[in-house]
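To keep things clear, I will list the structure first and then write my remarks on it.
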Amino acid sequence: MGQETRVLLVEDNPADVDLISEAFEREKVGINLNVVRDGQEAMDYLLGANKHTRPDLILLDLNLPRKDGRELLAELKEHPKLKIIPVVILTTSESEEDILVTYKLHANGYVTKPRNFSEYGKVIQGIDKFWFDLAKLPPQRNGNGPQIS
Amino acid sequence: MSIPTRVLLVEDNPADADLVMEAFEREKISVVIDIVQDGQAALDYLYELEPEASSQRPDIILLDLNLPRKSGQEVLAEIKADASLKTIPVVILSTSALEEDILGTYNLHANGYVTKPGNLREYSKVAHGIDDFWFNIARLPRSPSWRTYTDQDQKNN
């Protein structure tokens, strides 16, 4: 690919945004991180995204203002073009119901937020090792990505 | 949790199945792996799990695409359309790096897509990548019936 992986972080809590972006930096996971603060802003961002701004992966908090994470997830996974983007839930909720419901709505994975900074390193490593090192992320096409010549 | 993660590996090539099993063993990743060799067998396996036997339910499915009887794409589509099975994460593990297979399976709600490596050493990386995310930090759905079953099981002991 040779291009930095683009991640869209949907998170309303500035302290969590800082913890997550610092953990990516500290673990030297080279990504291009964009942050939006609520579900509506996320949808607006994604609908307006072009090949330079469309994320390869979305990290999604659940409790968000305006449009919550579950609503946004449901909308994304029903959208003909956006449904292919992997969505990993990143939330404080350990509720069994939230886990089941979001997997039912086709979340690609579910991770609970750690309680301290050092544990964030492990979370970021786990995301990096599977999603950025190992997994094939959906290629961008139809004018939304690098064309195969 | 002391209960090991249960993996259903859907793979028709015995050599590939061995490579996957050996990689998890060699890397000392504690999993219970069941293997089925074609798409229809995978669905039979999943549908046959009665609620009271759902401790057998896999926590994650590793799914090859080119399979006899029913293809991986067909199996994936059925799992993700079934109200009970759809919550089980399905990670595609295929030799295909074709864009249409990657896009097609994400469209069918595959949870992830990994291409098969060429040798045992690289299989270790696959096992580790799966372990680091799916077994270490991800929360996997456990069905409520599974929970009830083990709770009762523990009370009886």
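Summary of values
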| quantity | calculated |
| --- | --- |
| Pair list, Cβ under 7 Å, 6 or more apart: the range B:93-112 residue over 18 Å from B:Val7 (Cα atoms), other residue part of a helix (DSSP H, G or I) | B:Gly104/B:Gln73; B:Thr105/B:Gln73; B:Thr105/B:Leu76; B:Leu108/B:Gln73; B:Leu108/B:Leu76; B:Leu108/B:Ala77; B:Leu108/B:Lys80; B:His109/B:Lys80 |
| Residues satisfying the stated conditions in the range A:85-125, i.e. aromatic (Phe, Trp, Tyr) and either without any contact (Cβ under 8 Å) to a residue 40 or more places away in the chain or under 17 Å from A:Val10 (Cα atoms) (or both) | A:Tyr103, A:Tyr110, A:Tyr120 |
| Residues of the range B:81-123 that turn out to be in a helix (DSSP H, G or I), at the interface with chain A (Cβ under 7 Å from one of its Cβ atoms) and farther than 23 Å from B:Leu19 by Cα, as a count | 6 |
| Within the range B:80-115, tally of residues that are in contact with a strand residue (DSSP E or B) (Cβ under 6 Å, 6 or more places away or on another chain) and farther than 24 Å from A:Lys104 by Cα | 1 |
| Residue that is farthest from the chain's Cα centre (by Cα) [pool: residues in the range A:73-97 that are within 9 Å of another protein chain (Cβ to nearest Cβ) and surrounded by 20 or more Cβ atoms within 10 Å (Cβ to Cβ)] | A:Ile84 |
| Residue ID - nearest to B:Ile79 (Cα to Cα), chosen from residues in the range B:2-25 that are of a type outside the set (Ser, Thr, Tyr) and part of a loop (DSSP other than H, G, I, E, B) | B:Glu11 |
| Tally, over the range B:1-42, of residues that are acidic (Asp, Glu) and free of Cβ contacts under 8 Å to residues at least 24 places away in the same chain | 2 |
| Identity of the residue in the range A:98-112, under 30 Å from B:Glu100 (Cα atoms) and more than 8 Å from every other protein chain (Cβ to nearest Cβ), that ends up surrounded by the fewest Cβ atoms within 10 Å (Cβ to Cβ) | A:Val101 |
| Single residue of B:Pro89, B:Pro141 found to be under 19 Å from A:Val88 (Cα atoms) and at pLDDT below 95 | B:Pro141 |
| Which numbered condition A:Asp128 misses (of (1) more than 9 Å from every other protein chain (Cβ to nearest Cβ); (2) in contact (Cβ under 8 Å) with a residue 40 or more places away in the chain) | (1) |
| Candidate set: the range B:124-136, residues that are more than 8 Å from every other protein chain (Cβ to nearest Cβ) and not aromatic (Phe, Trp, Tyr); chosen: the one nearest to A:Leu57 (Cα to Cα) | B:Asp131 |
| The lone exception for A:Arg115 - which of (1) assigned to a helix (DSSP H, G or I); (2) more than 12 Å from chain B (Cβ to nearest Cβ); (3) not aliphatic (A, V, I, L, M) it fails | (1) |
| Residues satisfying the stated conditions in the range B:47-80, i.e. among the charged types (D, E, K, R) and assigned to a loop (DSSP other than H, G, I, E, B) | B:Glu48, B:Glu50, B:Arg57, B:Asp59, B:Asp64, B:Arg69, B:Lys70 |
| Checklist (1) at pLDDT below 95; (2) in a helix (DSSP H, G or I) applied to B:Lys28, failing item | (2) |
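The values are calculated or read from the model by the stated rules, or taken from the named source; none is laboratory data. All values reported here derive from a predicted model rather than from experimental measurement. No Cβ is skipped: glycine too gets one built from the backbone with ideal geometry, and neighbour counts run over all protein chains shown.
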